[in-house]
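Structure, as structure tokens:
The values are calculated or read from the model by the stated rules, or taken from the named source; none is laboratory data. Computed from a prediction, not measured in an experiment: that's the story for all the values here. Using ideal geometry, Cβ is built from the backbone for each residue, glycine included, and neighbour counts are taken over all protein chains shown.
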Amino acid sequence: MAKRSFLIPGVDKRLLIKDSIKTMPDVTRRRFIAGGASLGALSLLTGCDVVDSSSAEEMLKQVSKFNDAVQAFIFNPDALAPTFPESAITKPFPFNAYYDLDDAPDVDGADWKLEVRGLVDNKKSWTLDELYKLPQVTQITRHICVEGWSAIGSWTGAPLRDFLKLIGADTRAKYVWFQCADKDGYNSPLDMRSALHPQTQMTFKYANEILPRAYGFPMKIRVPTKLGFKNPKYVISMEVTNDYKGGYWEDQGYNSFSGS
Amino acid sequence: MASLTVSDEQVRANPAKVIQPVWVRIMHWVNALAMILMILSGWQIYNASPLFGFSFPREYTLGGWLGGGLLWHFAAMWLLMINGLAYLITGFATGRFAKKLFPITPAGVLHDVRAALTFKLGHDDLTVYNYVQRLLYAGIIVVGVLIVLTGLGMWKPVQLYYLVALFGDYPTARYVHFFCMAAICAFLVVHVLLALLVPKSLRAMIIGR
């Protein structure tokens, strides 16, 4: 191989690196309260000593949990994310991750199997060929990143709720928890009501082509009612569970519901 | 010999003139705190994906990284929204808005702008806002409403899709949100500067008189 070649024609390398650097968490992210501690006035709000940054951190965590509850409350399972015509698709659609595309999981589709665990009747693993046979739909929706940028893309795949029905999942369970092939173990919990949303999709294609590596080959979970980081790529397993198992970004402080 | 005591009648005749009622003062300072938290955490969020060719200096951002900035932003938003809503309701219900902010006439604004620029705009009676003040205070309330509506729209672009639709689309709402922030910052600079130039107005916002 002469040069490092990117698998995705149209993905701009500079943009890609820029994007991944931006997402790189700051080394100081664990001390994110430091900036707030100086605002002594905050004690007005909490009545607690803000100089002790852990109490501010605790307050913010509690508010974030409260925000989870508020979002779950106003979530309407029938409200659809806006869809767009093909002409509205963002080209090139950005690659975005906390690593370079060269370091993205390189999954061998022939060996890959989707593992199904937890509160389901049928725990059989699924090959890609089997999954490709499921009835699929195409949706053109806006992907909104937690960073603020957004891009419109076309995703094709099987509605997750159909699959959950097919495997006899207990849809009264609280979460579907996804694990990904990323080497540091990307994972993310999806609340069951969002998992059952009509537009939530097990995605196998982007722009009518087999999902490229940049966008999560072999399978991405596309959730147009969630921020981008709750749309896991390179998915290797799903678990139906009542336990909150945390997630890669959720554990670092991104709001867990992060719904649109 | 003149009596040193004051009769009830005299107190009623010369009540210490309250310029800023207590609810205005409380809501003003809560809003000031909420705005500062929202702006500094908002700059942190902006820096994650700048709309323009610049970023805000790290020292002026809150939260340390994007996740921390978001936690602050989505916590302080409650303070801003609840306080703001209470302010709007009380402002309309007590007639304060009608009395102090209106009418705003173009002629009045022009006259007072000219007077201000030639340093002839008096502040003898702090209970009456001049036309420049009326325009700015009414204007900043409108900006405050816009920044909350665009913010809510971006927070819930599916559930509150009509808010996003009101501004066109998601990216447009983001720009409107940014420019409202810029307007608030510009207001803040002028507002603080003038309060320092007319210290009795600052005193009135603290002790009421």
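Restricting attention to the range A:126-150, the residues that are facing chain B (nearest Cβ under 10 Å) and in contact with a strand residue (DSSP E or B) (Cβ under 7 Å, 6 or more places away or on another chain) total 4. The residues listed here are B:79, B:71; of these, the one that is at pLDDT 95 or above and either crowded, with 21+ Cβ neighbours inside 10 Å or farther than 21 Å from residue A:55 by Cα (or both) is B:71.
Scan the range A:202-211 residue by residue and report those that are in a strand (DSSP E or B), over 15 Å from the mean Cα position of the chain (by Cα) and among the aliphatic types (A, V, I, L, M). Scanning the range A:202-211 gives a single hit, A:210. Within the range B:98-128, the only residue that satisfies the criterion of being over 18 Å from residue B:200 (Cα atoms), outside any helix (DSSP H, G or I) and in contact with a helix residue (DSSP H, G or I) (Cβ under 6 Å, 6 or more places away or on another chain) is B:104. Scanning the range A:212-260 for residues that are acidic (Asp, Glu) and not in a helix (DSSP H, G or I) yields a count of 2. Inside the range A:65-91, residues that are under 20 Å from residue A:195 (Cβ atoms), assigned to a loop (DSSP other than H, G, I, E, B) and within 10 Å of another protein chain (Cβ to nearest Cβ) make up a count of 5. Residue B:90 - would you say it is more than 9 Å from chain A (Cβ to nearest Cβ), modelled with pLDDT of 95 or more and farther than 30 Å from residue A:64 by Cα? So residue B:90 does not fit the description; no. Among the residues in the range B:53-71, are any over 17 Å from the mean Cα position of the chain (by Cα) and touching a residue at least 40 places away in the same chain (Cβ under 8 Å)? Taking every residue of the range B:53-71 in turn, none turns out to be over 17 Å from the mean Cα position of the chain (by Cα) and touching a residue at least 40 places away in the same chain (Cβ under 8 Å). Put simply, of A:80, A:134, A:119 the only residue that is within 28 Å of residue B:165 (Cβ to Cβ) and touching a residue at least 12 places away in the same chain (Cβ under 8 Å) is A:80. Annotation: of all residues in the range B:146-178 being loosely packed, with under 15 Cβ neighbours inside 10 Å and without any contact (Cβ under 8 Å) to a residue 12 or more places away in the chain, the one that is nearest to the other protein chains (Cβ to nearest Cβ) is B:165. Applying the condition of being closer than 21 Å to residue B:155 by Cβ and among the polar types (S, T, N, Q) to the range B:19-70 and asking which residue is nearest to the other protein chains (Cβ to nearest Cβ) yields B:49. Highlighted here are the helices (runs of 4 or more DSSP H) found entirely within the range B:139-209 that include at least 2 residues which are over 19 Å from residue B:84 (Cα atoms) and among the basic types (Lys, Arg): B:199-207.
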